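Structure first, commentary second.
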Amino acid sequence: MTTPDTRTPTAPTLHGRVALVTGAGSGIGAATALSLAEAGARVALVGRRRDRLVAVADRIAQAVPDAPTAAVVMGDVTDAAGLTQSIHAARTEIGAPFDLVCANAGSMLAAPIAAADTAEWDTMISTNIAGVLATIRATVDDLTEAGRAGRAADLVLTSSIGAHLVLPGYAVYTATKAAVTHLGTNLRAELGPGGVRVRVVEPGMTESELGDHMTDPQAREWLARFAIENPPIPASAIAESIRWSAALPVGINVASMIVLPTGQG
């Protein structure tokens with residue numbers, strides 16, 4: 001006879017962890033920063049819009065009065081040298097190396113291939129691929145140091161369910177996200193033996209401002225219809241998935257997570 005498990009579930013704890021979140025001014029990045037802080041982590045908020053970052057830091061202070069102070073650091077992932085300096089400044093301000101890095105900053109500027117503004121391709125490639133690489137390069141020594149010491153070390157890459165889908169007008173965007181997914185798969189082989197847990201999160205329709213900057217009317221119309229058919233889940237759902245997976249015992253990694261509205265399939 002099996003004895004029922006009567007233990008009371010506990011919220012994931014990240015006490016003692018030091019996190020860095022790029023794209024922390026809105027959407028999934030902001031929700032992730034808040035969730036990690038609620039779990040007890042010290043968090044550095046990195047982004048291009050200081051007012052947005054300060055607003056998120058204020059939300060953290062209000063929601064978690066006894067949480068460690070969130071560090072607000074201006075940084076643009078498309079400027080690799082500048083980002084490295086920003087992350088160094090964040091590390092100095094927060095007072096410890098990072099052992100939980102969320103490379104979340106991203107751009108979605110969909111348009112038909114024949115009509116797209118090629119400058120928008122450059123923006124997506126420099127943000128979604130080169131920006132992720134720059135974030136990794138600036139933090140990988142911290143992560144490997146933690147991993148070698150036997151402590152939890154997590155590198156979380158925000159990709160998209162679009163990495164696996166065929167979407168009209170989204171060829172370049174989905175290609176950049178497929179690159180992020182494949183990057184994560186290979187980095188698990190490279191960094192995993194050293195104790196770094198590399199994780200790819202692939203959200204489906206999620207509340208964010210990701211599509212707000214699209215200029216192509218056809219792509220905007222398609223996204224609006226798709227959102228009606230597949231009501232977006234809150235960004236906090238993605239954040240909670242990241243929080244939960246980062247709180248797992250050392251030696252256990254959830255390598256990839258697809259988190260999407262149930263109706264999206």
GNM of the chain, Cα pairs under 10 angstrom: of ILE252, ILE242, ILE129, the biggest fluctuation goes to ILE252
Residue-normalised 222 nm signal for the chain, counting each DSSP H run of n ≥ 4 as -39,500 (n - 2.57), nearest 500 deg cm²/dmol, is -13500 deg cm²/dmol
Across GLY82, GLY95, GLY27, the residue with the highest GNM fluctuation in the chain (Cα network, 10 Å cutoff) is GLY95
Percent relative contact order for the chain, counting Cα pairs under 8 Å at least six residues apart, stands at 19
Counting only residues 5 or more apart in sequence or on a different chain, those whose built amide H sits under 5 Å from that of VAL43 are ALA19, ALA71
Binned at 5 Å from zero, the C-alpha pair distances of the chain give percents of 1, 6, 13, 18, 19, 17, 12, 7, 4, 2, 1, 0, 0, 0
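Test of the criteria: in segment 187-265, which trypsin sites (Lys or Arg not before Pro) are in a DSSP loop and have at most 15 other Cβ atoms within 10 angstrom of their Cβ?
Numbers: sites: ARG188, ARG197, ARG199, ARG220, ARG225, ARG243; in loops: none.
Of the trypsin sites (Lys or Arg not before Pro), not one in the loops of segment 187-265 has a Cβ with at most 15 other Cβ atoms within 10 Å.
Which whole-number percent is the relative contact order of segment 122-216 (Cα, under 8 Å, 6+ apart)? Mind dumping the intermediate values first?
Working: 113 pairs, mean separation 32.3, N = 95.
Relative contact order here is 34 percent.
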Those trypsin sites (Lys or Arg not before Pro) from segment 8-101 that are DSSP loop and have at most 14 other Cβ neighbours within 10 Å turn out to be ARG49
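We did not get these values from a lab; they are worked out from the coordinates using the rules stated. None of these values were measured; they are calculated from a predicted model. As a convention, Cβ positions derive from the backbone with ideal geometry for all residues, glycine included, and neighbour counts pool all protein chains shown.
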